[in-house]
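Working notes, structure below.
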Number of protein chains: 2
Amino acid sequence: MNQRVYEAQAEYLKALSHPTRIRIVNYLREGERCVCEIFPYLGEEQSNVSRHLAALKRAGILSSRKEGVSVYYRVQDDNVFKILELVLSFVKKLVKEKMALLT
Amino acid sequence: MNQRVYEAQAEYLKALSHPTRIRIVNYLREGERCVCEIFPYLGEEQSNVSRHLAALKRAGILSSRKEGVSVYYRVQDDNVFKILELVLSFVKKLVKEKMALLT
DNA sequence: TGCTTTTATGATTAGATGCTCATAAAGTAT
DNA sequence: ATACTTTATGAGCATCTAATCATAAAAGCA
């Protein structure tokens with residue numbers, strides 16, 4: 001496979017690899033939300049959240065639409081949920097294995 | 001969901017989010033390989049590859065066994081292949097969409 | 001028009017990451 | 001014991017990332 005493909009995969013994964021950005025994607029599971037809803041939910045600074053949203057959009061994970069002064073973000077492709085679920089199951093498995101080592 | 005879970009997911013994704021590390025995982029698809037096979041295949045410096053392997057092992061994605069002076073690495077959990085396939089299909093879709101915009 | 005709300009972005013800073021070179025550590029062979 | 005092979009790691013460095021504060025830009029409201 002091509003080096004460009006690996007780079008594109010890495011970029012996508014990088015965009016997802018931050019707790020706040022994962023929380024954003026999960027929050028948008030039920031539908032679009034404007035920034036003014038997202039950042040209080042996360043309990044993070046508005047400017048910080050805006051940058052995280054921009055990163056997810058740049059990667060193609062989110063898209064946005066403007067309505068008046070508000071900007072609504074939504075998940076662009078449902079693949080991301082499958083990916084996060086697989087990662088979640090892996091992480092849970094790791095925890096179980098660590099627990100097992102303690103017994 | 002718990003903040004710790006998001007952090008664990010992020011760590012896992014971070015470990016995967018580098019072209020060289022993705023190439024390593026793909027290379028190990030067919031079975032274990034020692035470092036002395038992996039780094040020439042990648043065309044990267046031995047010390048560099050060793051660090052990437054350590055990162056993947058730390059995340060629980062790879063495991064290793066020592067045989068004489070050699071260290072053999074292998075993929076610890078097949079979930080990683082599913083994840084990379086989903087990411088690949090997403091990336092391919094993005095490219096198609098970009099192509100479509102040019103016509 | 002002037003004020004307020006909503007979002008994005010410039011500047012700064014602290015810390016993390018990735019690469020390279022050199023070398024250490026461990027095992028094997030002569 | 002010495003030399004060689006294989007892997008890991010310390011040091012140094014350049015670059016990237018994330019967070020914060022301040023502020024700009026755009027839209028709506030009084």
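The values are calculated or read from the model by the stated rules, or taken from the named source; none is laboratory data. From a predicted model like this one, the values you see are computed outputs, not experimental measurements. Cβ coordinates were reconstructed from backbone atoms using ideal geometry, including for glycine residues, and neighbour counts include every protein chain displayed. Remember, those area values only see protein heavy atoms, side chains included, never the ligands or the DNA or RNA. Shrake-Rupley method; radii C 1.70, N 1.55, O 1.52, S 1.80 Å.
For the structure I just gave you, tell me whether A:Arg58 is touching a helix residue (DSSP H, G or I) at 6+ places or on another chain (Cβ under 8 Å) and charged (D, E, K, R). Yes. Within segment A:67-103, the residues that satisfy the criterion of being more than 8 Å from chain B (Cβ to nearest Cβ) and within 20 Å of the chain's Cα centre (by Cα) are A:Val71, A:Tyr72, A:Tyr73, A:Arg74, A:Val75, A:Gln76, A:Asp78, A:Phe81, A:Glu85, A:Lys92.
Which of the residues belonging to segment A:75-103 are over 20 Å from B:Gln76 (Cβ atoms) and in contact with a Gly (Cβ under 8 Å, 6 or more places away or on another chain)? Of everything in segment A:75-103, those that are over 20 Å from B:Gln76 (Cβ atoms) and in contact with a Gly (Cβ under 8 Å, 6 or more places away or on another chain) turn out to be A:Gln76, A:Asp77. For segment B:42-51, the candidate set comprises residues that are within 13 Å of another protein chain (Cβ to nearest Cβ) and open to solvent by 60 Å² or more (accessible area, probe 1.4 Å); within that set, the residue that is farthest from DNA strand D (Cβ to nearest atom) is B:Gly43. Of the residues making up segment B:15-38, those that are surrounded by fewer than 20 Cβ atoms within 10 Å (Cβ to Cβ) and within 8 Å of DNA strand D (Cβ to nearest atom) number 4. Taking A:Ile61 as the residue in question, decide whether it is under 17 Å from B:Leu86 (Cβ atoms) and either within 14 Å of chain B (Cβ to nearest Cβ) or of a type outside the set (Val, Ile, Thr) (or both). Criteria met by A:Ile61. One residue stands out among those in segment B:61-83 that are among the polar types (S, T, N, Q) and exposed (fewer than 15 other Cβ atoms within 10 Å of the Cβ): the one that is farthest from DNA strand C (Cβ to nearest atom), which is B:Ser63. Checked against the criteria, B:Ala54 does not count as open to solvent by less than 30 Å² (accessible area, probe 1.4 Å), closer than 24 Å to B:Leu13 by Cα, within 13 Å of DNA strand C (Cβ to nearest atom) and of a type outside the set (Val, Ile, Thr). Got at least one residue in segment B:28-41 being under 14 Å from the mean Cα position of the chain (by Cα), closer than 30 Å to A:Ile24 by Cα and either touching a residue at least 12 places away in the same chain (Cβ under 8 Å) or facing chain A (nearest Cβ under 7 Å) (or both)? No. So, in segment B:52-94, how many residues would count as being among the hydrophobic types (A, V, I, L, M, F, W, C) and either modelled with pLDDT under 95 or within 16 Å of DNA strand D (Cβ to nearest atom) (or both)? So the count comes out to 11.
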